1. Taking the Cα centre of each part, how many Å lie between the range 44-66 and the range 151-229?
2. Please get the size of the charge dipole for the range 72-150, origin at its Cα centre, with Cβ charges of +1 on Lys and Arg and -1 on Asp and Glu, quoted in debye to the nearest 20.
3. Looking at this model, which pairs from LYS13/LYS320; LYS71/LYS248; LYS15/LYS192; LYS174/LYS248 are more than 27 angstrom apart at the alpha-carbon?
4. From the C-alpha gyration tensor of the chain, pull out the three semi-axes of the equivalent ellipsoid (sqrt of 5λ each), sorted largest to smallest, in whole Å.
5. If you split all Cα-Cα distances of the range 221-321 into 10 Å bins from zero, what percentages do you get per bin, shortest first?
6. For HIS84 and ASP291, compute 0.36 nm times the residue count separating them, minus their Cα-Cα distance, and round to one decimal in nm.
7. Of the options PRO31, GLN49, ALA265, report the single residue whose Cα projects farthest towards the positive end of the charge dipole of the chain (beta-carbon charges: Lys, Arg +1; Asp, Glu -1).
8. Would you mind checking which residues have amide H under 5 Å from GLN280's amide H? H placed 1.01 Å from N; only 5 or more apart, or other chain.
Amino acid sequence: MTQAIHVTSEIGKLKTVMLHRPGREIENITPDYMERLLFDDIPYLPIAQEEHDFFAKTLRDQGIEVLYFSKLAAEALADEGVRHEFLERMIAESGYVAGATHDGLMEYLSAMDPQTMVDRIIEGVRASDINIAQPDLQSVSENTDWPFLMDPMPNAYFTRDPQASIGEGISINKMTFTARKRESLITEYIIKYHPRFAGKVEVWRDRNHETHIEGGDELVLSDHVLAIGVSQRTTADAIEDITRQLFKDSNYDTVIAIGIPHNHAMMHLDTVFTMINHDQFTVHPAILDGDGHVDNWVLHPDQNGGITMEHHTDIKEVLKKALNKSEIDLIPTGNGDPIVAPREQWNDGSNTLAIAPGEVVTYDRNYVSNDLLRKHGILVHEVRSSELSRGRGGPRCMSCPIVREDVK
């Protein structure tokens with residue numbers, strides 16, 4: 001297998017994955033800034049890094065190649081001209097297209113080597129970090145209550161969302177909230193300029209759209225079936241847009257759009273529903289009605305280049321038909337208990353990362369869900385989670401598969 005990206009399922013043996021080790025951006029969260037930065041709590045960085053290193057080691061111990069987001073970015077930006085173009089765009093997306101603050105940021109960041117520059121951009125740049133030689137009206141009238149000229153990116157350790165590997169291509173995503181929008185600009189430069197990916201990857205959808213889609217809502221169920229969440233962070237318009245592109249230019253002929261509550265606790269489909277084996281899925285009971293149903297819409301291409309749509313509610317029947325299975329096993333988070341299930345879902349009990357069929361990585365704190373997975377025949381690798389979980393993302397959120405083996 002020589003493709004730069006190759007992901008035709010959620011469960012094929014994971015060969016290469018992209019992570020981001022949490023850095024000093026985590027320490028730039030304060031109680032006053034948490035909501036703006038999409039956090040509910042402040043992880044303790046040294047322990048979060050230990051936990052993340054354990055997560056990476058768990059993957060490596062299973063023979064998985066681990067790539068790091070910031071290192072790939074620095075390597076992609078080795079050329080000075082590319083780096084200058086990137087900085088112009090990054091600074092513009094931080095709110096400065098010209099003027100003294102723009103010039104000060106450009107001078108400050110251009111003086112760094114590529115790795116230091118990338119790390120500093122992710123960490124955030126404070127107003128006190130740069131010296132503006134000749135202030136202008138914009139620079140002196142900035143909001144002095146906000147200490148950053150370039151906001152930190154503490155969500156960067158959730159590498160699932162700014163992009164999604166689909167087949168031998170990728171979607172580079174237009175993120176919903178300002179706190180995360182610039183992450184996918186870094187992805188764009190990795191795909192365009194890193195020698196591992198440059199000229200080798202089909203971009204199914206780029207970030208230059210008005211409508212939003214995020215990788216936590218994009219599940220690759222097979223080599224021709226996707227499930228995409230209609231969620232707080234992925235719009236129906238964006239789903240139709242990427243569906244048209246995939247139907248036109250790829251082998252994908254089925255997209256199952258699944259409606260989930262539009263709230264922070266269930267921000268993406270993978271916080272409530274993940275595939276862990278050929279015919280097994282985790283599911284948070286709160287997205288299902290009393291009959292075990294959830295609104296979903298099955299999209300197929302028509303003969304005129306358009307899309308047909310069928311509304312369903314019985315998700316098990318839809319999955320059986322789409323995946324050609326006689327039965328589907330939906331394993332409830334927290335064993336469906338009215339107290340345990342929401343508690344463990346809040347700590348990403350539904351957010352499992354499959355590294356092979358029937359083999360997953362989960363947070364250790366979700367012991368009821370983990371025990372239930374084992375009773376259903378799943379091999380579970382538990383990773384430490386006291387600090388990482390404060391960011392409201394689990395092992396699937398923290399990983400972007402780059403290469404998986406095809407499912408046999």
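Nothing in this text is a laboratory measurement; each read-out follows from the coordinates by a stated rule. The structure displayed is predicted, hence computed values, not measured ones. Note that each Cβ is placed from the backbone with ideal geometry, even for glycine, and that neighbours are counted across all protein chains shown.
1. About 22 Å separates the Cα centre of the range 44-66 from the one of the range 151-229.
2. Working: 4 positive and 15 negative charges, 26 e Å.
Roughly 120 debye, rounded to the nearest 20.
3. Details: LYS13/LYS320 22 Å; LYS71/LYS248 34 Å; LYS15/LYS192 22 Å; LYS174/LYS248 21 Å.
Distance filter (> 27 Å) returns LYS71/LYS248.
4. Details: eigenvalues 253, 111, 81 Å².
In descending order the semi-axes read 36, 24, 20 Å.
5. 15, 48, 32, 5
6. Details: separation 207, 0.36 × 207 = 74.52 nm, distance 5.62 nm.
Here the segment from HIS84 to ASP291 would lengthen by 68.9 nm.
7. Of the options given, the answer is GLN49.
8. So GLN280 has HN proximity to ASP329.
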